[in-house]
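The values are calculated or read from the model by the stated rules, or taken from the named source; none is laboratory data. Computed from a predicted model, the values in this text were never measured in an experiment. Because the Cβ atoms are built from the backbone with ideal geometry, glycine has one as well, and the counts that use them run over all protein chains shown.
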Amino acid sequence: MHAKLREWLADPVDVSARMVFALFLLSTWVTTDDWTFKLPLRVIAIAALVLPPLHRDPRLWAALAAVMVVKTLRHWFTQDNHIFLLTWFAVGMALSLRSTDPARAACRNARRLIGLSFLFAALWKGPLSGEFMNGSYFTYTFLTDFRFHGTARLFAGVPEEALQDNYAAAYQLGGGTADAVVLHGLSPRLHVVALVAAWWTFAIESALAIVFLAPETWRRLHRARHALLLLFGATTYLVVDIETYGWSLMALGAAQSEPERPGLRALYLATGLLILAYDYMPLLNWLVG
Amino acid sequence: MAPALLVATALAQIVLTRAGPLTPWRGGGFGLFSSVDKLENRILLAWIETPEGDVPLRLGESKHDEQNALAFPIDRHVRRVAERYAATLESGTGVRVEVWKRTFDPSTGESRRVLVARGTVPRAR
């Protein structure tokens, strides 16, 4: 069993590819319900998972990339950021697996994609957004976004009645029956929690951009990237239930792990499963009852 | 090539949010969780214009065109939604479609809707 597991985890491309194809097989969020995309994406995913070594065939990745590029072009203004990330990753895999050193090329691609995605995420939260670093975004989000219900109750102490009032007020504003509404539950504690959340997010995303984009010769910084990405995955998705994003990051993380470190791939896979568990079991909501 | 695609997309997204009405959350620029102005917070409203006054139009299920108009309400996207509704109109002179975004003032707790785009299309005859 142990030897079998080590064999399964031996190759970064194998582990990453299986994680990505599993996502395409299981998540309608990624494929959408539009059969023109869902059908080919599911067929590709099934073929990759049941007919190894098809999962590392550049032609299959090219097919996946082609479908994803068309899908991305169609839904450019509405699709989620991690679907773009998966699209560019598929393009990168299709090219990397044709190269003379596929594992190294795939590793470099995945590392740069992760680093760049965090670089732009940090840019948006820092200099580009005028409402993030001052806590305004998180204050609004804790008060109105039901996905942050547990966090708002547990950490910011927002009363349940205030949240229910706010959900109704936000709905009223959305229906066009009011020009403005006043949200309930503002408090100094909420302000502090919003500021901490904002600065923590900006700090960890900036750090991730730095460690993933740092040259390989900066060894200590370069090696720290795994721990930081795993920490990000294990903490962020406890609060934000977008498991497909978290799983995608862990799959890319596995792709850029050093071939001689199968333990890292086990950790990326385990953290991916933990992120799924967060989604299936709303732990924070249970804690506040 | 893949990293170059990501960078090109993200830079284009920054331009479209700065110079245009694209929500920071979409367009592949990784601006999610950075702004109150997310797609789901935008508001699409429509009215049938009549000589007696405007009548609110009940919108159906949000489809691709509506989502595009919400996320990136340029004239073409807003008019496309208005044209679709205008084509099915049995009375009135035309259809007006508006896209609004929300703002938030953390000092008072006030959340307000602000007009982003408006498009009017005459009834198809």
From B:Ala46, B:Ala10, residue being over 17 Å from the mean Cα position of the chain (by Cα), among the small types (Gly, Ala, Ser) and more than 12 Å from B:Phe72 (Cβ to Cβ): B:Ala10
Quick test for you: out of A:Arg59, A:Arg111, pick the one residue that is in a helix (DSSP H, G or I), touching a residue at least 40 places away in the same chain (Cβ under 8 Å), within 24 Å of A:Asp11 (Cα to Cα) and not acidic (Asp, Glu). A:Arg111
For the condition aliphatic (A, V, I, L, M), in contact (Cβ under 8 Å) with a residue 24 or more places away in the chain, surrounded by fewer than 24 Cβ atoms within 10 Å (Cβ to Cβ) and within 14 Å of chain B (Cβ to nearest Cβ), what is the one hit in A:Leu249, A:Leu213? A:Leu213
Quick check on A:Asp80: is it charged (D, E, K, R), in contact (Cβ under 8 Å) with a residue 12 or more places away in the chain and within 30 Å of B:Pro73 (Cα to Cα)? yes
Of the conditions (1) farther than 23 Å from A:Met133 by Cβ; (2) in a helix (DSSP H, G or I); (3) modelled with pLDDT under 95, A:Ala197 fails just one. Which one is it? (1)
What residue, of A:Arg220, A:Arg225, is in contact (Cβ under 8 Å) with a residue 60 or more places away in the chain, assigned to a helix (DSSP H, G or I), within 30 Å of A:Ser257 (Cβ to Cβ) and not hydroxyl-bearing (Ser, Thr, Tyr)? A:Arg225
Among the residues of segment A:122-140, which ones are part of a helix (DSSP H, G or I), facing another protein chain (nearest Cβ under 8 Å) and more than 19 Å from the chain's Cα centre (by Cα)? A:Leu128, A:Ser136, A:Tyr137, A:Thr139, A:Tyr140
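Yes/no matrix, rows are residues, columns are (1) of a type in the set (A, V, I, L, M, F, W, C); (2) at pLDDT below 95:
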{"position": "A:Trp218", "(1), (2)": "yes, yes"}
{"position": "A:Leu228", "(1), (2)": "yes, no"}
{"position": "A:Leu231", "(1), (2)": "yes, no"}
{"position": "A:Ser248", "(1), (2)": "no, no"}
{"position": "A:Pro262", "(1), (2)": "no, yes"}
{"position": "A:Leu276", "(1), (2)": "yes, yes"}
Tell me which residues, restricted to segment B:16-38, are among the hydrophobic types (A, V, I, L, M, F, W, C) and more than 7 Å from chain A (Cβ to nearest Cβ). B:Leu16, B:Ala19, B:Trp25, B:Phe33
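Which count do you get for residues in segment B:39-49 that are in contact (Cβ under 8 Å) with a residue 60 or more places away in the chain and within 7 Å of chain A (Cβ to nearest Cβ)? Explain how you work it out, then say what you get.
In the first step, residues of segment B:39-49 are kept if they are in contact (Cβ under 8 Å) with a residue 60 or more places away in the chain; the result is B:41-43, B:49.
This time we only want the ones that are within 7 Å of chain A (Cβ to nearest Cβ), so: B:43.
Adding up the residues that qualify gives 1.
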Would you be able to say whether some residue in segment A:223-238 is surrounded by fewer than 22 Cβ atoms within 10 Å (Cβ to Cβ), under 14 Å from the mean Cα position of the chain (by Cα) and β-branched (Val, Ile, Thr)? yes
More than 26 Å from A:Gly233 (Cα to Cα), in a helix (DSSP H, G or I), hydrophobic (A, V, I, L, M, F, W, C) and out of contact with any Phe, Trp or Tyr (no Cβ under 6 Å at 6 or more places or on another chain): is that true of A:Leu143 in this structure? no
